[in-house]
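Below you'll find the structure, written out as structure tokens, and then a few comments.
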Amino acid sequence: MHILAVAGSLRAASINAAFCRAASRLAPADAPIAVYDRLGELPLFNPDREGDAPESARHWRRSVGAADALLIASPEYAHGVSGVMKNALDWLVGEQSFVGKPVAVVNTSPRAHHAHDALLEILRTMSADVVEGASSSVALLGVCTGEAEMLASEPVRDRIRQVVAGLRGHLLDPRASGPRMGL
Ligand SMILES: Cc1cc2nc3c(=O)[nH]c(=O)nc-3n(C[C@H](O)[C@H](O)[C@H](O)COP(=O)(O)O)c2cc1C
């Protein structure tokens, strides 16, 4: 079992990227989490280049294809999904390996819900297997400034472990963690 965590922010002090790193540190040995930190290398998606995608896009597609599940944490910008995340997902639209891919989406800023809701809608439209039991809020914005504070806080550690356990549980038994969402 191999989970890929990805943040939709390129900011050096990104809370979402810090969440991904913290989740990686807290992952159990039988469900390791690797962090994908190369979304900034992707060019803007252009359907004309789908068949002859640049190496950065092929690397992204290969990495997603090799993962058993994705763990996404992405910010809200002007009530929308960050361009970084939307662009990365657009590069996956034609990917057969993404169909049915278990994906958990974490909202690190519970005051923001537009982007979270939109991201779930996008993923369902792409026929991902949105893992509802692991897709929720982990209140980190304004609570922790980075990975070290997340790892130092017992309640935050517990919350992150719950999310990872929800995703792991779904991978072990998809029926146990609720019905699969369709379009
Ligand atoms: C351009 C921009 C637009 C934003 N728009 C919203 C918004 O609409 N709603 C909201 O709750 N937060 C908004 N924020 C705050 C970000 O969601 C928040 O700072 C978040 O932590 C950024 O994620 P990061 O720490 O992973 O970079 C915005 C931030 C920026 C930079």
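Using only alpha carbons, the chain has a radius of gyration to Kirkwood radius ratio (Rg to Rh) of 0.94. Note on residue 136 and residue 124: the model spin-label points, each 7 Å out from Cα along the C-beta direction, lie 1.9 nm apart. Taking the helices alone, the chain has a mean residue ellipticity at 222 nm of -11500 deg cm²/dmol, built from -39,500 (n - 2.57) per DSSP H run of at least 4 residues and averaged over all its residues. Of 145, 108, the order by accessible heavy-atom surface (1.4 Å probe, DNA, RNA and ligands excluded), from most exposed downward, is 145, 108. For the chain, a Gaussian network of Cα nodes joined below 10 Å ranks 172, 140, 70 by mean-square fluctuation, and the top entry is 172. All other residues whose Cβ lies under 11 angstrom from that of residue 10 are scored, Lys and Arg at +1 and Asp and Glu at -1, for a net of 0.
With springs only between Cα atoms under 10 Å apart, run a GNM on the chain and tell me which of 78, 53, 88 wobbles the most. In the Gaussian network model the winner is 78.
Hey, could you get me the Stokes-Einstein D for the stretch 19-95, Kirkwood radius over alpha-carbon pairs, 37 °C and 0.692 mPa s, rounded to whole µm² s⁻¹?
Result for D is 239 µm²/s.
The values are calculated or read from the model by the stated rules, or taken from the named source; none is laboratory data. This structure is a prediction, so every number in the text was calculated from the model and none was measured. Please note: Cβ atoms are built from the backbone with ideal geometry, for glycine as well, and neighbour counts cover all protein chains shown. Just so you know, the surface numbers come from the protein's heavy atoms only, side chains and all, with ligands and any DNA or RNA stripped out. Shrake-Rupley method; radii C 1.70, N 1.55, O 1.52, S 1.80 Å.
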